[in-house]
Amino acid sequence: MKEQREAADSRMELSSLLHDLHLSSSERPLPSPPLPPITELLSRLQEKLIGASLDSETSFLIGHMERLFQTADPDWLFSPASANKEEGWVEFQSAYRSLIKALIGCAALPLCEDEVSSLPAAAYQGVPSRAVAVCSALTALLGALGTSERTGLLLTVAPPVCVFAVTHFQDQVWTTPSSRAAAQSLQEALLRAGGWTDSAHLLMGDRSHREGEEGDSRGILGGVLDVLQPQLTKDSWQRCEAVKLVFAWTLLQVTRPSLSPHLPRLLPPSLLLSDHYRPENCMLGVRCLHHIILNTPAADLRQFNRAEVLYQALFKHLYTTEAAVIQLVLSCLLDLLLVLEKPPSSLAPSSARRKPCRHDDVLRLVLTHMEAEHKVQLRRVYASALPLYIDRMGVAVCRHLQRVERVVMGYLEIRDQPEEANTLKVLEVLQKTTKAAWPRMECRVNALLCGLLRLLVDVSSDSQLSDSVRQKLMDQTTLCVKLLDGCSHGKLQLLLQQLDSSCCSPEVLGCLATVTMNTER
């Protein structure tokens, strides 16, 4: 009963205040002399929001704040009352910043009790409805602010508003269709208020103006990171489910050249995410790291040994058994290695023995894992990535020929029906290896030919394969035989001529006949 009386008293007090401000009717009023300074009203509203103990009281306050922003005179809402312009402006911005923080806090997500556990869906039950109300109030504020051409205040309130909108427009357990729609509308209102074209423009600003020039539309990336930074520490980022998603969304919107100046603030949280034991967090972190690598100049990445730190952080993930993580890591490493060293395929011939490099380390580990891997998904990931690494190695793949041969033979024996993606990728690996290291392939021709002929016979008699897949397999296998024949200087001819209809089908003989025809002089 006591709490209900206090809530009723608070409603009467605010209603009386709004009546004094001439906001009790639906008509748009003009400011009157008795109006209190806006900073005083904002401070009182902030205190009431923080002190509200009931959901009904909070909803009442938020609703009246929305009405205040919709109907009050913008000249009064957005004009500091102090005679000292500089001090008044600081106090004015601080008042709005504090009010918006309190308003957003009304729909804040509950925190996890520790760094390991996650909250059940029931813990977020009341969040969507409160988020809708807060979005409406903030949208009203931005609507009034957008007509007043006060860029300084807009850049002050935009970062927390953006973080709040991004938190609630994602399809997560704490959102509903209505709250996501309200948050999306809030984000669009923010873009309209500042004349930004999209979220990337909002964060990075107008690239057509140099920093400091008049008319420069500055981005809010720094302000957003200021809001997120306290929650992105090693001890706190796991307690709020939304902070990692908001950070990743923010980072992935930013491209070069805007990313590099903020690299010291973007790299540590990305490394934290990538180092987490949960696959979903690790994958999110690797995506962030890959985006940083692609959008940061190589010189900036090499500065302070950052690239080496990234390499060590990614290389250790090659020992995981999560196929989705391995796929992202192999792709990311391929781009990072170009930052650290020249591709072996680009090095000029030298009389000195080539020293092993990081490309060798990655390829050696990948081939070692491929030899013993039995999980279908991991085999597919490795087979898909291997041709790119063989391309990067060039003739330097000679150092790994024994492992490549074992991998090719193993993958040809154990096929991947019905699409045969693994088999096709391994055939591509054999073709690239043969072209790059042909002087060293002659001694391996006999073993590889046996595997390829066995594959041709199996594929020609496999009724489960579609015609297109069968034809593609036979074409690629035949091409491998042609390349091996070239490496052996035509010595395969004698072996191929010994084949007849007693040991293989006419279809296989037809494929092999193309090899002999193309090599005849």
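Between residue 461 and residue 87, how high is the FRET efficiency from 1/(1 + (r/R0)^6) when r is the Cβ-Cβ distance and R₀ = 60 Å? Nearest 0.05.
On the way: r = 88 Å, r/R0 = 1.47.
E(calc), rounded to 0.05, equals 0.10.
How large is the helix-only mean residue ellipticity at 222 nm for the chain, computed as the sum of -39500 (n - 2.57) over DSSP H runs with n ≥ 4, divided by its residue count, in deg cm²/dmol to the nearest 500?
Values: 24 runs with 337 residues, N = 521.
So the calculated ellipticity at 222 nm is -21000 deg cm²/dmol.
Please list, by residue number, every one of the GluC sites (Glu not before Pro) in region 412-490 that is coil in DSSP and has at most 16 other beta-carbon atoms within 10 Å. Write down the numbers at each step before the final one.
Values: sites: 413, 419, 420, 428, 442; in loops: 419, 420.
Filter output for region 412-490: 419.
Using R₀ = 35 Å, calculate the FRET efficiency as 1/(1 + (r/R₀)^6) where r is the Cβ-Cβ separation of residue 309 and residue 200; round to 0.05. Intermediate values should be presented prior to the final figure.
Working: r = 27 Å, r/R0 = 0.77.
Calculated transfer efficiency: 0.80.
Give the shape of region 222-376 as rounded, prolate or oblate, defined through the alpha-carbon gyration tensor: a ≥ b ≥ c are the square roots of its eigenvalues, a/c under 1.5 means rounded, and otherwise the shape is prolate if a/b is larger than b/c and oblate if not.
Taking the square roots of the gyration eigenvalues as a ≥ b ≥ c, region 222-376 is oblate.
Can you work out the accessible area per residue across the chain, with the rest of the protein chains kept in place, probe 1.4 Å, in square angstrom?
Values: 25380 Å² over 521 residues.
Computed with neighbouring chains in place, this is 49 Å² per residue.
Report relative contact order for the chain in percent, whole number only (criteria: Cα-Cα under 8 Å, sequence separation at least 6). Walk me through the intermediate numbers first.
Details: 566 pairs, mean separation 39.1, N = 521.
Relative contact order here is 8 percent.
Based on the alpha-carbon gyration tensor of region 123-267 and its eigenvalue square roots a ≥ b ≥ c, which shape applies: rounded if a/c is under 1.5, prolate if not and a/b is larger than b/c, or oblate? Display every interim value, and only then the final one.
Details: a/c = 2.18, a/b = 1.20, b/c = 1.81.
It is oblate, given that a/c is not under 1.5 and a/b is not larger than b/c.
For the chain, build the charge dipole from Cβ charges (+1 Lys, Arg; -1 Asp, Glu) around the Cα centre, then report which of 77, 339, 106 sits farthest towards its positive end.
Value: 339.
Relative to 2.2 N^0.38 Å, what does the C-alpha radius of gyration of region 90-137 come to as a ratio? Two decimals please. Kindly include the intermediate steps, with their values, before the conclusion.
Details: Rg = 14.1 Å, N = 48, 2.2 N^0.38 = 9.6 Å.
Output field value: 1.48.
Quote to one decimal, in nm, the extra length available between residue 321 and residue 443 on full extension: 0.36 nm per residue of separation minus the C-alpha distance between them.
Values: separation 122, 0.36 × 122 = 43.92 nm, distance 3.45 nm.
40.5 nm is the gain from fully extending residue 321 to residue 443.
Does region 35-77 classify as rounded, prolate or oblate by the C-alpha gyration tensor (a ≥ b ≥ c root eigenvalues; a/c under 1.5 gives rounded; else a/b over b/c gives prolate, otherwise oblate)?
Oblate shape, in that a/c is at least 1.5 and b/c is the bigger or equal ratio.
Largest first and to the nearest Å, give the Cα extent of region 358-501 along each principal axis.
49, 36, 22
Calculate, in nm to one decimal, what residue 59 and residue 299 gain on full extension: separation in residues at 0.36 nm each, minus their alpha carbon distance. Intermediate values should be presented prior to the final figure.
Details: separation 240, 0.36 × 240 = 86.40 nm, distance 5.22 nm.
Here the answer is 81.2 nm.
Over the chain, with every protein chain in place, what whole percent of the accessible area is carbon and sulfur at 1.4 Å, could you tell me? Walk me through the numbers before you get to the answer.
Numbers: 13360 of 25380 Å².
Ligands and nucleic acids excluded, carbon and sulfur give 53 percent.
Find, among the GluC sites (Glu not before Pro) in region 50-137, those assigned to loop by DSSP (not H, G, I, E, B) with at most 16 other beta-carbon atoms within 10 angstrom. Each step should come with its number before you reach the end.
Working: sites: 57, 66, 86, 87, 91, 113, 115; in loops: 113, 115.
For GluC sites (Glu not before Pro) across region 50-137 that sit outside H, G, I, E and B with at most 16 neighbouring Cβ atoms in 10 Å, the list reads 113, 115.
Under a cut-off of 21 Å between alpha-carbon atoms, report the lysines in cross-link reach of residue 432, not counting same-chain residues fewer than 8 places apart.
Hits, sequence-local ones excluded: 342, 472, 482, 491.
The values are calculated or read from the model by the stated rules, or taken from the named source; none is laboratory data. Note that the structure is predicted; figures quoted are calculated from it, not measured. No Cβ is skipped: glycine too gets one built from the backbone with ideal geometry, and neighbour counts run over all protein chains shown. Ligands, DNA and RNA are excluded from the accessible area calculation, which covers all protein heavy atoms including side chains. Shrake-Rupley method; radii C 1.70, N 1.55, O 1.52, S 1.80 Å.
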